[in-house]
Amino acid sequence: MKVILKKNLDKIGASGDIVNVAEGYARNFLIPKGFAVLAEDGNVKNIEHHKKVIQDKLNKEKKEAEKIAEKLSAHSCTVAKKVGEEEKIFGSVTTADIEAALKKDGFNISKKDIVIPEPIKVLGIYTVQVKVFTGVESPLKVWVVQE
């Protein structure tokens, strides 16, 4: 029996896929649980339209993310920290510190999307990666200065 999956299911397929499954499995499990619908002409056209709308939305979001990434690569942020001897920072610069500095500058970037390759424990200029969107990353210069 051919059905259209409404959710991602392991070993069966992804959302929107048209798959062949046993009739009993479809009628007794997939359809009643809302995991699938019968692959009829109206449903197939509806799913294809739904996929197109989602793809258009993703393309639009990716273009916006690329614009933000371009702005970030030209931008640099400053993080002020207390320092001790030999310009060593008390603690280290974290993704939360960089997130706060970016919010001051008008960027809405989550700390989860900031990747610091190695701990920042000394004053200086560092480059970190910012994941703006799936597949879109941007380098960001971070100036670590004395408070």
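Just so you know, all these numbers are worked out from the coordinates, no wet-lab data involved. Every value quoted in this text rests on a predicted model; they were computed, and no experiment measured them. Neighbour counts are summed over all protein chains in view; Cβ atoms, including those assigned to glycine, are modelled from backbone coordinates with ideal geometry.
Ranked by Cβ crowding within 10 angstrom, fewest neighbours first, how are Val37, Val44 ordered? Please report the intermediate quantities before stating the final value.
On the way: Val37 18, Val44 15.
Fewest-to-most Cβ neighbours within 10 Å comes out as Val44, Val37.
In what sequence, highest mean first, do 50-57, 62-69 appear when ranked by Cβ atoms within 10 angstrom?
Details: 50-57: 11.0, 62-69: 15.0.
The packing order, highest mean first, is 62-69, 50-57.
Ordered by the count of other Cβ atoms within 10 Å of each Cβ, fewest first, Leu102, Leu38 give Leu38, Leu102.
Dipole size in debye (nearest 20) for the chain around its Cα centre, Lys and Arg Cβ +1, Asp and Glu Cβ -1? Numbers along the way, then the final one.
Values: 25 positive and 21 negative charges, 95 e Å.
The calculation lands at about 460 debye.
Note on the chain: Cα Rg divided by 2.2 N^0.38 Å, N the number of residues, gives 1.63.
Which value in deg cm²/dmol, rounded to the nearest 500, describes the helix-derived mean residue ellipticity at 222 nm for the chain, given -39,500 (n - 2.57) per DSSP H run of n ≥ 4 and division by the residue count?
-10500 deg cm²/dmol
Grouping the Cα pair distances of region 2-64 into 10 Å bins from zero gives a pair-distance distribution of 22, 46, 23, 8, 1 percent in increasing distance order. Partners of Lys88 within straight-line reach, counting aspartates and glutamates whose Cα lies under 14 Å from its Cα and excluding those fewer than 8 residues away in the same chain: Glu147.
Each part reduced to its alpha carbon centroid, region 30-84 and region 117-144 end up 23 Å apart.
At q = 0.14, 0.19, 0.21, 0.23 Å⁻¹ the log10 of I(q)/I(0) for region 68-146 amounts to -0.41, -0.74, -0.88, -1.04, computed by Debye summation with a single uniform scatterer per C-alpha, solvent ignored.
Of all beta bridges DSSP finds with both residues in region 29-147, what is the antiparallel percent, to the nearest 5?
Numbers: 14 of 20 bridges.
DSSP beta bridges in region 29-147 are roughly 70 percent antiparallel.
When only DSSP loop residues count, what GluC sites (Glu not before Pro) in region 1-59 have their Cβ near at most 12 other Cβ atoms within 10 Å?
Those satisfying the criteria are Glu40.
Going down the table (Lys71/Lys103; Lys63/Lys103; Lys2/Lys57; Lys7/Lys52; Lys81/Lys112), which pairs top 24 Å between alpha carbons? Too far apart for the 24 Å limit: Lys2/Lys57.
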